[in-house]
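Everything on this sheet refers to the single structure shown next.
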Amino acid sequence: MKRWHDMPFGATVLEHGQCRFRLWAPAARTVELCLELGTDEETLAMDAQEHGWFETTQPLRGTRTRYRYRIDANIRVPDPASRYNPLDVHGPSEVVDPRRFEWQDGDWTGRPWEDAVIYELHVGAFTREGSFRGVESRLDYLAELGVTAVELMPLADFPGARGWGYDGVLPFAPDASYGSPEELKRLVQAAHRCGLMVLLDVVYNHFGPEGNYLHAYAPQFFTERHQTPWGAAINFSDALSRVVRDFFIHNALYWLEEFHFDGLRLDAVHAIADDSPVHILTELADAVHAGPGRGRAVHLVLENDLNRARFLKRDAAGRPQHYTAQWNDDFHHAAHVALTGEDDGYYADFGEYTAGKLARCLSEGFAYQGDPSPFRGHAPRGEPSSDLPPEAFVNFLQNHDQVGNRAFGERLVNLVEERRLAVAVTILLLAPSPPLLFMGEEFGAASPFLFFCDLGAELATAVREGRRKEFSRFERFKDPAAAAKLPDPGAQATFQCSRLDWDSLAAPAHARWLEFYRRLLGVRRRFIAPALPRLQPGGVRRTMHAERALEVRWRTLDGAELSLAANLGEAPARVEALPGSEVLYATDPSAAPTGALPPWSVLVRYG
């Protein structure tokens, strides 16, 4: 089976050994195609067309033709729609013919979202190999763990040999440090053979600071009318924005069609500025549902600090109209404060009524649904979400941000005593909302996950100093000597110590954590996931049995109830009896029949 996505830009292989090259360069007077022929180069004029387009069709020079564009007889740039840039972001692009790959997963139509147990990983740090092949070698392990969806941190080509991926500049090119496009396709295909969905994290709110040449020939890609933390916003609504919108819509379709991904996670969409009558997020989702989403299960997930529930709305049949789910930062923040007591920065919003806010997340999705946010100067944050099903919210205790944005990248296993963390993990894995695990979490990985990058000298210095300045607002880092101890993001050692240590699985403590996660995910697979399609819309209620003891009950269409009760305090508490119910899991089995909740305990019942 062949899979490809036709695009109005980039290098498109045609019949009879021909290739069409097309670039949008509205600020350029001339554009030339520079073909690399060994140590030589052939330069060919491209025809200027309407609305800033330049195009030429040429015979391919071998199976791995490399090329660049020369702008105004001056600067050479890679193709912004490059399918592969083997020599990194400043090097030439390489023509890829997607029809050369023979797919073997034609019977794969995806999995329903209620099955989702998501495992977020960084390709470079997940295994010692740091490659697509390395991830492929661990797929059986993930399937046996109980994971159903692998989520890859961004792959769009970024500068250097290591980075988180959020500073990508070639959105269509899988980063060459991880392997070739064909190796990525083999990874997706192998995951499908294991019954695993594969989701991809994509960044549509900015381009990285190094290797972005768009300003040289297409400054209309950006607008000064809106500003983001990375500078001028991407132009989704000013003059010439149609091409920009199409660029990102095609990018989403490209990953889903040409690479057969099962879904996308859109990073930080609150930083996307769009004044159009139809928001780019809506138009993109409509294109996905009308395209690859017609014949298989395709899931779109948002990260949105504004808690805009409007993008998560369901139709009369309960199906997502646009986006399947959103990462629920509110759940993480409430759980983190309950576990650690940390209440500075954005955790200030959860320092009071912590358990109650966690209960609201479990029962209604967002803790902040238009409520005043102390962290934001008491400005309202969020939109009402109580009408949305639990599946609309991806819950997590750790992810790349919440671990990697700590000064020393500490994981919860290094911050919280075991009994407390076990309670939080139980809530995460046995509540109805799809849980997300961050790589290594399941075996209590001791290795940190730090912020790392591989930028040019000037940018590397700016990032290092900027990170020290960022943490200087914390009391422990106000002393310059203390700030100097922060790991250098540009140092290779920072990246190396962020890699998972798989050999540690032999240690009893790590093996114990792994067995704990496997056991809970087994309970989820056998009891929780099958109940999700039967949950009654609006049939949820929550009760606080003490200041730090909560219970949430979800009623099913056949009259049964799923109950999750948790005590997050040091004082014992008690919950009501649930006649005829089965105890699915109890931290203290001896206390379960009486409804007792000892300190830091969980009781999950169904019936």
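The values are calculated or read from the model by the stated rules, or taken from the named source; none is laboratory data. Quantities reported herein were computed from a predicted structural model and do not represent experimental measurements. FYI the Cβ positions are ideal-geometry reconstructions off the backbone, even for glycines, and counts take in every protein chain you see.
Details
- Selection count, the range 253-272, where residues are within 22 Å of residue 401 (Cβ to Cβ) and either over 13 Å from the mean Cα position of the chain (by Cα) or not in a helix (DSSP H, G or I) (or both): 11
- Near pairs, Cβ below 9 angstrom, 6+ apart or cross-chain, from the range 215-238 (on the phi > 0 side of the Ramachandran plot) to any residue that is modelled with pLDDT of 95 or more: 231/206; 231/222
- For the range 569-580, the criterion of being within 35 Å of the chain's Cα centre (by Cα) and under 14 Å from residue 426 (Cα atoms) is satisfied by no residue at all.
- Considering residues of the range 38-54 that are touching a Ser or Thr at 6+ places or on another chain (Cβ under 9 Å) and of a type outside the set (Gly, Ala, Ser) only, the residue farthest from residue 27 (Cα to Cα): 44
- Within the range 455-502, restricting attention to residues that are in a helix (DSSP H, G or I) and small (Gly, Ala, Ser), the residue that is modelled with the highest pLDDT is 493.
- In the range 115-123, the count of residues that are touching a helix residue (DSSP H, G or I) at 6+ places or on another chain (Cβ under 9 Å) and of a type in the set (Gly, Ala, Ser) is one or more.
- Restricting the range 558-607 to residues that are assigned to a strand (DSSP E or B), small (Gly, Ala, Ser) and modelled with pLDDT of 95 or more, the residue that is nearest to residue 535 (Cα to Cα) is 563.
- Of the residues screened, residue 285 is not one that is assigned to a loop (DSSP other than H, G, I, E, B), hydrophobic (A, V, I, L, M, F, W, C) and out of contact with any Cys (no Cβ under 7 Å at 6 or more places or on another chain).
- Residue within the range 11-34 that is assigned to a loop (DSSP other than H, G, I, E, B), β-branched (Val, Ile, Thr), more than 30 Å from residue 524 (Cβ to Cβ) and touching a residue at least 24 places away in the same chain (Cβ under 8 Å) present: yes
- Residue match in the range 478-486 (condition: surrounded by fewer than 15 Cβ atoms within 10 Å (Cβ to Cβ), within 19 Å of residue 410 (Cα to Cα) and out of contact with any Ser or Thr (no Cβ under 7 Å at 6 or more places or on another chain)): yes
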